[in-house]
Amino acid sequence: MKVCGSIITLCMALQFGATTINAFFVAPAGCNFAGVQLHAEERPYLGSFGGDVESNFEFVREKQAAVAAAAAAVGTTAFMPPPPVEEPPVVLEPPPPQQQPTAAIPPPITTVHGGPGMWDPRITQIVQGDTLKTWSYASNFVDKVQVGLKTDGRPLDTDIELWQGPDNTPVKMRVYIEDGKLRPFSCVIDTPSNPNTVAIRNIGQLEFPLASCVCAAEVQPRPEGPLAENLASLTIQGGALKTYPFESNVESVQVYLKTDGRPLNARIELIQGPNNNKQVIELYTEDGTDRPFYTVIQTPGSGNVVRVVNTAPVEFPLTSWVAPYLVDTNASSMDVVLGGDLDW
């Protein structure tokens, strides 16, 4: 027990800063320190407090207070862990705006302002057998249109109609041509009011397609004014007919039909040989003055005769002009004309 008490006393002395045993220790009764050598020059670490235990505790408390004050001066708390480092606040950026899906833009509607001329690819359509194609014009500036039809050498059989409003067909015709490549069809239809739609129906079989074009620009001129007056006109009564023969150097013939305001019903035939119809046009117009009929018929070869028949009753006469359109001035009446198939 004596040894234990000495050890405890020594530990306490070392904890509170004493360098000698007698500076912090009061020898208990019965403890013998005769064998312990104390050096006279050793002084207690606590200095003037000597071996007073209470003084040593006061010194320790003062020392602890000084340490705490020094720590407070530098911004820390004695015997406390350093404060946690404050991280800078995280600024959350707004998410980028989501791109809205763009709807597919439909292609613009193809609008051709009349077209640059006949057989322009933008206004030319292929009409298969038993198929209908239309060309519509809503402008007031379109007062007449030119219609062209042709094939690759096969027969051409089609219906052409002018629609103006619902259930109103002021002009209709049926065209038959034996060879649509050798004799392409071309005519001018007047459209004094709007809107107007030209409808072309191929009434031939599926094996006989045709190419069609309706043009409102550069319409082929027709005999009007002085030109019509210089041409030899002829009045054809209802049920009557008139024939016009042409020489072999005439490559095409122009036909112009009109009335005094009454309906126009006629049939125009191109005959080459006895009763050999190369081209037939069956025509109806509700007003032969506002909507006269003008066409150019190709007449290759020799022996061509144009026959005009007034299919209306006798009360509806018509006036016709038939004259050469293109004439080959280099041709001679002595040239031989070959018959049969020209391509053979």
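The values are calculated or read from the model by the stated rules, or taken from the named source; none is laboratory data. Values in this document were obtained by computation on a predicted structure and should not be read as measured data. Every residue, glycine among them, receives a Cβ derived from its backbone with ideal geometry; neighbour counts consider all protein chains shown. Quick note on the areas: whole protein, heavy atoms, side chains included, nothing else; ligands and nucleic acids left out. Shrake-Rupley method; radii C 1.70, N 1.55, O 1.52, S 1.80 Å.
Quick rundown of the values:
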item: Pair list, Cβ under 6 Å, 6 or more apart: the stretch 295-317 residue assigned to a strand (DSSP E or B), other residue open to solvent by 60 Å² or more (accessible area, probe 1.4 Å) and among the basic types (K, R); result: V308/K242; V309/R267
item: Evaluation of D157 against (1) at pLDDT 95 or above; (2) acidic (D, E); (3) over 19 Å from K278 (Cα atoms) (one fails), failing number; result: (3)
item: Breaking point among (1) modelled with pLDDT of 90 or more; (2) open to solvent by 40 Å² or more (accessible area, probe 1.4 Å), for S139; result: (1)
item: Only one of G239, G261, G204 that is outside any strand (DSSP E or B), modelled with pLDDT of 90 or more and touching a strand residue (DSSP E or B) at 6+ places or on another chain (Cβ under 6 Å); result: G204
item: Matching residues, the stretch 192-215, being open to solvent by less than 10 Å² (accessible area, probe 1.4 Å), within 13 Å of V127 (Cβ to Cβ), touching a Leu at 6+ places or on another chain (Cβ under 9 Å) and of a type outside the set (G, A, S); result: V198, I200, N202, L210, C213
item: R291 basic (K, R) and open to solvent by 30 Å² or more (accessible area, probe 1.4 Å); result: no
item: Counted residues, the stretch 167-188 - those being assigned to a loop (DSSP other than H, G, I, E, B) and either open to solvent by 20 Å² or more (accessible area, probe 1.4 Å) or without any contact (Cβ under 8 Å) to a residue 24 or more places away in the chain (or both); result: 8
item: Qualifying residue in the stretch 216-223 (condition: touching a Gly at 6+ places or on another chain (Cβ under 6 Å), aliphatic (A, V, I, L, M) and either closer than 30 Å to S139 by Cβ or modelled with pLDDT under 90 (or both)); result: yes
item: Pair list, Cβ under 6 Å, 6 or more apart: the stretch 248-271 residue under 12 Å from I236 (Cα atoms), other residue polar (S, T, N, Q) and crowded, with 21+ Cβ neighbours inside 10 Å; result: L257/S320; L264/T285; A266/N310
item: Unique match (being open to solvent by less than 80 Å² (accessible area, probe 1.4 Å) and within 27 Å of D287 (Cβ to Cβ)) among G129, G148, G153; result: G148
